[in-house]
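Shown next, in structure tokens, is the structure this report addresses.
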Amino acid sequence: MTSRAAATRYARALFDVALAERQDLVQIDRELTGTSTFVQGNEQLQRALFNPAIPASRKRAVVEHLLSLSPVNPILSRILLLLADRDRLVLLPDLAEAYRSRLMDHQQIVRARVTTAVTLP
């Protein structure tokens with residue numbers, strides 16, 4: 001299974017559980033995107049969390065510490081800890097993208113690219 005496919009499965013699970021428990025789907029999207037952006041913006045943290053040589057238990061400890069500093073929705077917290085336990089934190093950027101796509105489908109928002117001959121106001 002490709003990493004994108006795995007991330008899509010985690011995103012679907014996160015979305016479905018959040019929807020079933022009537023959580024704020026947009027807030028979870030903001031928190032997930034913020035977490036992904038934070039990790040990708042910090043090179044040392046990214047190396048630590050994405051390095052396969054570092055044991056999953058240490059990665060979980062890092063994620064737990066980050067969550068204690070900046071709490072997120074409990075459902076999102078569980079999925080982040082699950083990713084750490086399974087040494088799949090490398091999926092975080094794709095997970096955030098897949099969740100956003102699923103949220104947009106749920107909200108019936110369509111992405112489009114417009115090309116015009118003249119500048120639009």
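Can you give me the solvent accessible area of residue 97 with a 1.4 Å probe, rounded to the nearest 10 Å²?
Residue 97 has an accessible surface of roughly 100 Å² with all protein chains in place.
Helix-derived [θ] at 222 nm for the chain: sum -39500 (n - 2.57) over DSSP H runs of at least 4, divide by residue count, nearest 500? Walk me through the numbers before you get to the answer.
Details: 6 runs with 84 residues, N = 121.
Calculated from helices alone, the mean residue ellipticity at 222 nm is -22500 deg cm²/dmol.
So if R0 is 41 Å, what FRET efficiency would residue 13 and residue 116 give, r being the distance between their Cβ atoms, rounded to the nearest 0.05?
Efficiency for this residue pair is about 0.55.
Which order do 99, 10 take when ranked by solvent-accessible area (1.4 Å probe, heavy atoms of all protein chains), largest first?
Result of the area sort, largest leading: 10, 99.
Determine the equivalent ellipsoid of the chain by diagonalising the alpha-carbon gyration tensor, then write out the semi-axes as square roots of 5 times the eigenvalues, largest first, rounded to whole Å.
28, 18, 14
For the range 1-61, report the convex hull volume of the alpha-carbon atoms normalised per residue, in Å³, without decimals.
Values: hull volume 6.9 nm³, N = 61.
So the per-residue hull volume is 113 Å³.
Which value, in Å² rounded to 10, gives the accessible area of residue 115 with a 1.4 Å probe and all protein chains present?
The value for residue 115 is about 130 Å².
With a 1.4 Å probe and every protein chain left in place, work out the accessible area per residue of the range 1-90 in Å², rounded to a whole number.
Result: 60 Å² per residue.
The values are calculated or read from the model by the stated rules, or taken from the named source; none is laboratory data. Just so you know, these numbers come straight off a predicted model, no measurement behind them. Don't worry about glycine lacking a Cβ; one is built from the backbone with ideal geometry, like all the others, and counts go over all protein chains shown. The area values use the complete protein model at the heavy-atom level, side chains included, leaving out ligands, DNA and RNA. Shrake-Rupley method; radii C 1.70, N 1.55, O 1.52, S 1.80 Å.
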